[in-house]
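The values are calculated or read from the model by the stated rules, or taken from the named source; none is laboratory data. Since the model is a prediction, treat every value here as computed from it, not as a measurement. Here Cβ is always computed from backbone atoms with ideal geometry, including for glycine, and neighbour counts include all displayed protein chains.
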Ligand code: GLU
């Protein structure tokens, strides 16, 4: 019996799937892809789709990112039955609000001897890893703290020594992960690490929280990225220690660039909001991702909305090889949606909505333009860059008189790295980054800023640069800086290394 039929049989619990993004960055098209597959499977079987926020990494998680992910998935037209914003019977749906729940389950594992307290310092762990590397062994906790006596554990704990809680993992035998699409995948237990479940600050790691939540939220099927496949043995072990039935697993292939490398923002914009800002329709993006999730229809020229994607969804057609995120195909689909699905009135309304001129944004842009024009008709050319995709630039537009070409390339490359790492996309953060780059290059900020003006606005003078960058958003800025750098010549491997080291 195939799983789709099994999911429908009366004896089985109702299908419940989930998407569980970590709010540590901009909403990624891969998240929309995983969400769409989970959504389609749940809806195909009359089940429910849950959104859970996995923010156990407190240092990297932000409320801003969470909000952006929710907005982006809403924009895609995916509605969840339960989640942090809509509530539901299994809440809270944000892991940072569930600490007490995880503590209870860690205590249960400790009491049953399935987990242990580990007092090893980070220095000892580092020495252990170095020795393992030198001996050609895979990195794995060596089990030192497994031998601590109860008295010793109590003494060290009473003395306030920090500890983590680790999972006990067998040393021998094989774990078989049953993937509904890939079949059985075997892992030797000795290659599975004794995973930290609870950190020294008392917060859980992804592995513990994910298993506890999938169980308590009654998730029956998990479709997730293939990068998690090596975590599956740890998860299955936890399910068996708790005596719980694990959900059925499907590991989805990562989306790829046309050259088959892993989809990365270095080659293809990966942010959902980038596609929104550039004027792709959510229907087209979802149709495109839906085709990538359905190998039987990948080549179809038919436009399919979400309900049609659900209707045609088959587990058997979920690809196992990396589907190609081919922007040319997305463009073609989007063009068809614009031409075929909208009458002129609807199209005009959509164009207005796309321009995203909320009253605040309109006032902000107007205030920036007001001191820089003599006639209202100057606004068109001055602000066109805010409403454009790729700008028609030539390499000579970027070459200045005050700063040599290598420095321009270096400034652009450093900006691409540093702006990606910027925690918050604000004028202040962008400005500090460009100033720092000018410092590193030993040049005047004004001279370094000029090629940025050209790359971002298409002109050496425009409305203020840092505001322009904030208004455009990180994805579009990245795309423009990358385009400029490509025009002047992308850095060689050696240049990249040298520039990174010097920054
Ligand atoms: N929080 C994980 C992520 O960001 C979810 C992995 C899973 O679905 O188990 O991808």
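In the set 439, 447, only one residue is assigned to a helix (DSSP H, G or I), out of contact with any helix residue (DSSP H, G or I) (no Cβ under 7 Å at 6 or more places or on another chain), surrounded by fewer than 18 Cβ atoms within 10 Å (Cβ to Cβ) and without any contact (Cβ under 8 Å) to a residue 40 or more places away in the chain; that residue is 439.
Exactly one residue out of 27, 13 is away from the ligand (no atom under 11 Å from the Cβ), at pLDDT below 95 and surrounded by fewer than 20 Cβ atoms within 10 Å (Cβ to Cβ), and it is 13. Sub-6 Å Cβ pairs linking a first residue in segment 30-46 that is within 13 Å of residue 69 (Cα to Cα) and touching a residue at least 40 places away in the same chain (Cβ under 8 Å) to a second residue that is assigned to a loop (DSSP other than H, G, I, E, B) and within 14 Å of the ligand (Cβ to nearest atom), at least 6 apart or interchain, are 30/255; 31/21, ordered by first then second residue. In segment 242-275, of all residues being within 14 Å of the ligand (Cβ to nearest atom) and in a strand (DSSP E or B), the one that is farthest from residue 482 (Cα to Cα) corresponds to 248. Take the conditions (1) within 16 Å of the ligand (Cβ to nearest atom); (2) farther than 24 Å from residue 255 by Cα; (3) in contact (Cβ under 8 Å) with a residue 60 or more places away in the chain; residue 83 misses just one of them, which is (3). Of all residues in segment 178-216, exactly one satisfies the criterion of being assigned to a helix (DSSP H, G or I), buried (at least 17 other Cβ atoms within 10 Å of the Cβ) and over 23 Å from the mean Cα position of the chain (by Cα), namely 215. If the condition is being in contact with a helix residue (DSSP H, G or I) (Cβ under 7 Å, 6 or more places away or on another chain) and either in contact (Cβ under 8 Å) with a residue 60 or more places away in the chain or within 11 Å of the ligand (Cβ to nearest atom) (or both), then segment 221-241 contributes 221, 222, 223, 224, 225, 231, 234, 235, 238, 241.
Which residues, counting only those in segment 263-274, are free of Cβ contacts under 8 Å to residues at least 24 places away in the same chain and within 21 Å of residue 224 (Cα to Cα)?
Correct list: 264 only.
When you scan segment 399-411, do you find a residue that is at pLDDT below 95 and under 29 Å from residue 67 (Cα atoms), even just one? For segment 399-411, residues at pLDDT below 95 and under 29 Å from residue 67 (Cα atoms): absent.
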